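Report on the following structure.
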Amino acid sequence: MDFDLTREQKMIRDEVRNFAQKEIAPLAEELEQTGKYPYDIYAKMAELGLMGIPVSEAFGGMGSDWVSLHLAIEELSRADITFGAMIDVTTSVVAQELEVFGTEEQKQKWLVPIASGEKLGAFGLTEPDAGSDAGSLRTTAVLQGDEWVLNGTKQFITNIGLDNASIVLVAATVAGPDNKENISTFIVPKDAPGFKLGKKYRKMAWHASATHEVILADCRIPKNHLLGDPDRGFAQHLAVLETGRISIAAMAVGVAQACLDESLRYARARQQFGQPIFNFQAVQFKLADMAVAIELARTQYLKAAWLKDQGRPHTFETSAAKLYASEMVEKVASDAVQIHGGYGYMEEYPVSRYYKSVKLLQIVEGTSEVQRMLIARTLKK
């Protein structure tokens, strides 16, 4: 069993780490406070090819692997979690669904600009009455001549409010010839007639991440914007969400590593009782527990990504990575604040931002409860 990263994987990790610490980390607090969208940084990420790391070179990508992508997501999230989230949605979910299930025409038109970083993508599954029960969608699609007409509301949609977002992949119910409803996936451009950007959500954190409601009111798209098998749209969404869960785990590890970095820096500098607080066993034990938890979570998400690269089943490993890492980072962030004491609650110290940002990781792309349910299903077999 070889735990070493390849030369290419190390190169991508190191390049992204250097970029993130130089270009993103110094601006992270400002972006969180102002909620500005850093289009200039997105452009630099595109120049590095980060949105297309696992996408085939034939469609504008780097042609690398999923391990490399998730190492990049960890490093981006270590600087600012919202950048990891943007890559998660754009690449792990949208680009993958287009590449795996799209036609050649769809890939050339929609995937190539996303893989190159020229455009970003969004994913429209969640609705006001369809969260964890994602199969209870109310958005509908009806074929009228050569057009699909979509009606419904999607909520908590990441990226779609950005100027350079081009499409949202929408799951909608379609009535078949036997009146049985199936869920299909559609490519819906932002400029489609009947597409409306709804309210912008006021979030507890992630202020530099665009999260909006999407309203489809007799939204018309061409017939050829159906993505993949019309009877398996829900299965397609679930397949790419499995990869998204690895991305959430990588994001959690990135933030947890940042918490440890800041806690070590503070513990070595902060003097109490005539010595650095790092010298006290109570602080050392917290730091040791943080380091162990981070390493376990990193190993788990890398295993899940490696299994995906090998084309092997990885449902258990993916859900385990997402569950463990998302709950781990909440504890690590709490301990980081505790080590900082009262300063940890102040906004001028980054651990306060980390603490606010991590709760969402236990909710998005399948709650912790859903992950336990999926893991339990694998144990039945």
Worksheet item: Could you say which residue among Val283, Val332 is in contact (Cβ under 8 Å) with a residue 12 or more places away in the chain, part of a helix (DSSP H, G or I), among the aliphatic types (A, V, I, L, M) and closer than 20 Å to Leu76 by Cβ?
Response: Val332
Response to the item:
Within segment 217-266, restricting to residues that are among the basic types (Lys, Arg) and in contact with a strand residue (DSSP E or B) (Cβ under 9 Å, 6 or more places away or on another chain), the one that is modelled with the lowest pLDDT is Arg232
Item to complete: Go through (1) of a type in the set (Gly, Ala, Ser); (2) within 23 Å of His237 (Cβ to Cβ); (3) surrounded by fewer than 23 Cβ atoms within 10 Å (Cβ to Cβ) and name the single condition Gly63 misses.
Response: (2)
Worksheet entry | Residue list for segment 239-269, restricted to those being over 18 Å from Leu71 (Cβ atoms) and touching a residue at least 24 places away in the same chain (Cβ under 8 Å) | Ala239, Val240, Leu241, Glu242, Cys259, Glu262, Ser263, Tyr266, Ala267
Worksheet item: Which one of these does Gln108 not meet: (1) touching a Gly at 6+ places or on another chain (Cβ under 7 Å); (2) at pLDDT 95 or above?
Response: (1)
Discussion item. Return the residues of segment 160-172 that are buried (at least 24 other Cβ atoms within 10 Å of the Cβ), within 15 Å of Lys196 (Cα to Cα) and touching a residue at least 60 places away in the same chain (Cβ under 8 Å); say none if nothing qualifies.
Written reply: Ile167, Leu169
Worksheet entry | Counted residues, segment 338-359 - those being surrounded by fewer than 20 Cβ atoms within 10 Å (Cβ to Cβ) and of a type in the set (A, V, I, L, M) | 1
Worksheet item: Is it the case that some residue within segment 338-350 is of a type in the set (Asp, Glu), assigned to a helix (DSSP H, G or I) and in the same structural domain as Val240 (by TED's automatic domain parsing)?
Response: no
Practice prompt. Output the number of the condition that Ala58 fails; it satisfies all remaining conditions of (1) without any contact (Cβ under 8 Å) to a residue 24 or more places away in the chain; (2) exposed (fewer than 14 other Cβ atoms within 10 Å of the Cβ); (3) assigned by TED's automatic domain parsing to the domain that holds Trp110.
Written response: (2)
Item to complete: Restrict the check to segment 220-233 and report whether at least one residue is in contact (Cβ under 8 Å) with a residue 60 or more places away in the chain and more than 21 Å from Phe101 (Cα to Cα).
Response: yes
Item to complete: Can you tell me which residue among Ala130, Ala72 is among the small types (Gly, Ala, Ser), in contact (Cβ under 8 Å) with a residue 24 or more places away in the chain and crowded, with 18+ Cβ neighbours inside 10 Å?
Response: Ala72
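The values are calculated or read from the model by the stated rules, or taken from the named source; none is laboratory data. Everything numeric here is computed off the predicted structure, so don't read it as measured data. No Cβ is skipped: glycine too gets one built from the backbone with ideal geometry, and neighbour counts run over all protein chains shown.
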